[in-house]
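This report refers to the structure that appears directly beneath it.
The values are calculated or read from the model by the stated rules, or taken from the named source; none is laboratory data. From a predicted model like this one, the values you see are computed outputs, not experimental measurements. We place every Cβ from the backbone using ideal geometry, glycine too, and count neighbours over all the protein chains shown.
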């Protein structure tokens, strides 16, 4: 992991200025998606309630600025899910919040591990696995707490795949765009330098 680069302040255990700003932006996007209902897509599956794109800001935050930003964005998503739960599953704070903390962390780990091969590959994989971390975490805890029957898992799979694919597409587009903006290039480099991204 590289130490601070770019924006101000913060060591490995803290947040620099740019990270705070990005955390605020992605957190705000998550709140907007929830408050306007844009991020909640009704699905005709009993007990499930809505598909969501509210996990995407946590994925993007983790990929662009590291695990702490991803955790903060996921925390906002989780708290919103708990406070405005329309589904009894998310009235449990552990189910609503804990899996969301892992979204950005998983996305960051996957992106850092793969970006030396291809930024696009790393972005797609981060989007897919970050999204699946959310789905698997929520469903696993809901089954563990007896809030969902295990038999519902096959019915959830199409929704989980759709959310993961959408997250992958958005992640690769946003990451490429941000890299272009930061570098001032007309094409994004395949491997970001330490000056273009902090972890």
Quick one: how many residues across the range 36-63 are over 26 Å from residue 151 (Cα atoms) and modelled with pLDDT of 70 or more?
9
Extreme residue, surrounded by the most Cβ atoms within 10 Å (Cβ to Cβ), among residues of the range 54-72 that are out of contact with any strand residue (DSSP E or B) (no Cβ under 8 Å at 6 or more places or on another chain) and in a loop (DSSP other than H, G, I, E, B):
55
When only residues in the range 73-123 that are touching a strand residue (DSSP E or B) at 6+ places or on another chain (Cβ under 9 Å) and in a helix (DSSP H, G or I) count, which is surrounded by the fewest Cβ atoms within 10 Å (Cβ to Cβ)?
81
